[in-house]
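Asks: My questions all concern the structure below.
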Amino acid sequence: MAVHAERRTIEVILDDERHGSPVSQFTLWFGANLQITAIVAGALAVVFGADPLPVMYALLEAGIVGVEAGVWSAENAERLVEKGRPTGPCCARRSR
């Protein structure tokens, strides 16, 4: 697969120009969600006397909630794009 720079910035990308799949985005998603702060928070909780199992459960639950929030945001952004409305907070003021 050839690597190339995107020609468009915030413009609409036509369906025949789109490429990739949700599976190809896994590395990007995983890297963004593997936060050092979560690892440090879990380690500190154990150091300060919490049991490791509840700490791991809490971190897992926080990760699930984060994914759900991301999916919700993506779905709402998609709906706005379909209606022709801007999705970014910087654009919302200009569209009124």
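FYI, it's all coordinate maths here, none of it is from the lab. Not measured: the values here are computed from a predicted model. Neighbour counts run over all protein chains shown; Cβ positions are idealised from the backbone, glycine included.
Asks: Applying the Karplus parametrisation 6.51 cos²θ - 1.76 cosθ + 1.60 with θ = phi - 60° to the phi angles of region 25-33, what ³J(HN,Hα) value in whole Hz is obtained for each residue in order, glycine and proline being reported as x?
Replies: 8, 4, 4, 4, 5, 5, x, 6, 8
Asks: Among 14-27, 65-78, how do they line up from the highest to the lowest mean number of other beta-carbon atoms within 10 Å?
Replies: Numbers: 14-27: 8.2, 65-78: 11.2.
Output ranking for 14-27, 65-78: 65-78, 14-27.
Asks: While we're here: Taking amide H atoms as placed 1.01 Å from N in the peptide plane, list the residues 5 or more away in sequence, or in a different chain, whose amide H sits under 5 Å from that of Gln35.
Replies: Residues meeting the amide H criterion: none.
Asks: Suppose we look only past 23 Å in the calculated P(r) of the chain. What percent of the Cα-Cα pairs does that tail hold?
Replies: Details: 2259 of 4560 pairs.
Tail fraction, whole percent: 50.
Asks: So, one more: Where does the chain land at 222 nm, in deg cm²/dmol rounded to the nearest 500, when only DSSP H runs of n ≥ 4 count, each adding -39500 (n - 2.57), divided by all residues? Can you show the working numbers first?
Replies: Numbers: 4 runs with 58 residues, N = 96.
The helix contribution divided over the chain gives -19500 deg cm²/dmol.
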